[in-house]
1. Can you name the helices (runs of 4 or more DSSP H) wholly within region 85-178 that have at least 1 residues being out of contact with any helix residue (DSSP H, G or I) (no Cβ under 6 Å at 6 or more places or on another chain) and open to solvent by 10 Å² or more (accessible area, probe 1.4 Å)?
2. May I ask you to list the residues in region 138-182 that are within 22 Å of ASP39 (Cα to Cα) and of a type in the set (A, V, I, L, M, F, W, C)?
3. Considering only region 225-259, state which residues are among the aliphatic types (A, V, I, L, M) and without any contact (Cβ under 8 Å) to a residue 24 or more places away in the chain.
4. Taking region 45-62, which residues are in a helix (DSSP H, G or I) and at pLDDT 90 or above?
5. Considering region 67-83 alone, what residues qualify as being open to solvent by less than 10 Å² (accessible area, probe 1.4 Å), in contact with a Leu (Cβ under 7 Å, 6 or more places away or on another chain) and over 30 Å from VAL251 (Cβ atoms)?
6. Could you tell me whether LYS347 is among the basic types (Lys, Arg) and crowded, with 17+ Cβ neighbours inside 10 Å?
7. Is it fair to say GLU103 is within 23 Å of GLN259 (Cβ to Cβ) and either touching a Pro at 6+ places or on another chain (Cβ under 8 Å) or charged (D, E, K, R) (or both)?
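The values are calculated or read from the model by the stated rules, or taken from the named source; none is laboratory data. This is a predicted model, so every value here is computed, not measured. All Cβ positions, even for glycine, are placed from backbone atoms using ideal geometry, and neighbour counts span all protein chains on display. What goes into the accessible areas is simple: the full protein's heavy atoms, side chains included, and nothing from ligands, DNA or RNA. Shrake-Rupley method; radii C 1.70, N 1.55, O 1.52, S 1.80 Å.
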Amino acid sequence: MDDKMILKKSIGIRVVATLLIIILALFLLQRLFVPKYVDGIVEGAFVAEYYREPDMNFDVIFIGDCEVYENFSPVVLWDEYGINSYIRGSAEQYIWQSYYLLEDALRYHKPQAVVFNIQSLQFNESQSEAYNRMSIEGMKWSKSKIGSIFASMKEDEHFIEYVFPLLRYHSRWSELQATDVEYMFKTRPVTHNGYYMRIDVRPVENIPAGRPLADYTFGDKAYLYLDKIRELCEKNDIALLFIKAPSLYPVWYDEYDAQVVEYAKQHDVPYINFLEIQDETGIDYTTDTYDGGLHMNLSGAEKLADYIGPVLLDMGVSDRRQDAALEAIWEEKKEAYQAEIAEQEKKYGITYHSPLE
């Protein structure tokens with residue numbers, strides 16, 4: 001091999017090595033700068049946690065916003081009814097994001113039932129890039145994630161910034177903390193099968209009155225994705241249940257509810273409005289909410305799970321407590337659940353008593 005060939009080969013190796021170093025550096029910077037959601041605002045971590053489950057063959061999938069991930073306890077569903085469930089919830093999850101998260105879940109397993117909280121029907125367009133990112137960035141790459149990005153992006157958002165989040169978060173350098181380094185590659189769990197726990201109590205004291213709206217009609221895009229959720233369930237022989245969680249605010253107008261009732265009746269989909277069955281669920285707004293009625297605390301979430309469990313069994317969901325392997329997984333989950341209760345008891349200086357005991 002002559003000197004020119006040796007020189008060309010040497011230059012080629014150096015170029016490749018330099019490119020690899022640059023790619024590695026950009027990758028590490030991206031891992032450093034992307035928010036970790038382990039403290040403070042943790043909601044951005046919820047979607048990604050689903051993929052770390054040891055057994056993804058869930059029989060029930062909940063989809064929706066904070067009205068599912070803070071209001072139902074999967075541990076109670078398992079302990080009391082043998083229902084293996086997961087909540088694919090995220091902050092202000094828009095209905096198109098719920099659809100694509102469900103579509104994504106079907107890549108891994110086919111649930112027997114899907115529970116969809118209909119609060120998001122009031123939105124016909126995304127309201128916030130921050131909420132978009134908390135619902136989308138944790139998804140693994142697939143056509144479902146791409147579909148969710150394009151359905152969600154506001155006018156000032158760019159697809160390339162979802163592909164390379166460093167382009168969006170490079171300015172976080174002044175906000176970096178030790179946790180950004182600690183959790184660059186692996187974060188600690190912040191939910192229990194998608195359920196976000198709070199045991200503290202702040203009772204309802206006053207509820208802001210809802211302002212009159214010029215038009216209460218759900219938008220075309222909202223209805224389009226409601227149809228898509230229903231049709232996806234029908235295509236895969238999955239039972240579908242609509243719910244409205246018992247959150248007192250934001251206001252759920254009667255005009256909203258009438259449209260859901262009509263749609264559910266037209267398409268033979270069962271619908272539970274928990275705002276209307278307080279006596280049956282036993283929800284007490286002086287003890288079962290941690291933020292004045294917006295969301296349930298653990299007491300409320302356990303009551304709602306206890307109510308919906310028999311409903312799901314009647315819809316054909318299996319009691320799988322005889323599955324030894326699954327039972328072992330849930331024993332570990334129950335230990336983590338109890339450990340967090342104990343941790344929060346210390347944090348808030350209170351003792352938690354389950355309403356189901």
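1. Values: elements: 95-105, 129-136, 143-152, 159-163, 166-169.
Qualifying helices (runs of 4 or more DSSP H): 129-136, 143-152, 159-163.
2. Applying the first criterion (within 22 Å of ASP39 (Cα to Cα)) to region 138-182 yields 138-139, 165-166, 168-182.
Of everything in region 138-182, those that are within 22 Å of ASP39 (Cα to Cα) and of a type in the set (A, V, I, L, M, F, W, C) turn out to be MET139, LEU166, TRP173, LEU176, ALA178, VAL181.
3. Taking region 225-259 and keeping what is among the aliphatic types (A, V, I, L, M), we get 226, 229, 232, 238-241, 243, 245, 248, 251, 258.
Matches in region 225-259: ALA258 only.
4. Taking region 45-62 and keeping what is in a helix (DSSP H, G or I), we get 45-52.
Within region 45-62, PHE46, VAL47, ALA48, GLU49, TYR50, TYR51, ARG52 meet the criteria.
5. Hit for region 67-83 is ILE83, nothing else.
6. Details: among the basic types (Lys, Arg): yes; crowded, with 17+ Cβ neighbours inside 10 Å: no.
So LYS347 fails the test.
7. Numbers: within 23 Å of GLN259 (Cβ to Cβ): no; either touching a Pro at 6+ places or on another chain (Cβ under 8 Å) or charged (D, E, K, R) (or both): yes.
Taking the combined requirement at face value, the residue does not satisfy it.
Each row is one residue, and each column tells you yes or no for (1) under 30 Å from PRO250 (Cβ atoms); (2) touching a Ser or Thr at 6+ places or on another chain (Cβ under 7 Å).
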| site | (1), (2) |
| --- | --- |
| LEU294 | yes, yes |
| ASN297 | yes, yes |
| GLU302 | yes, yes |
| ALA305 | yes, yes |
| VAL311 | yes, no |
| MET315 | yes, no |
| SER318 | no, no |
| GLN322 | no, no |
| GLU331 | no, no |
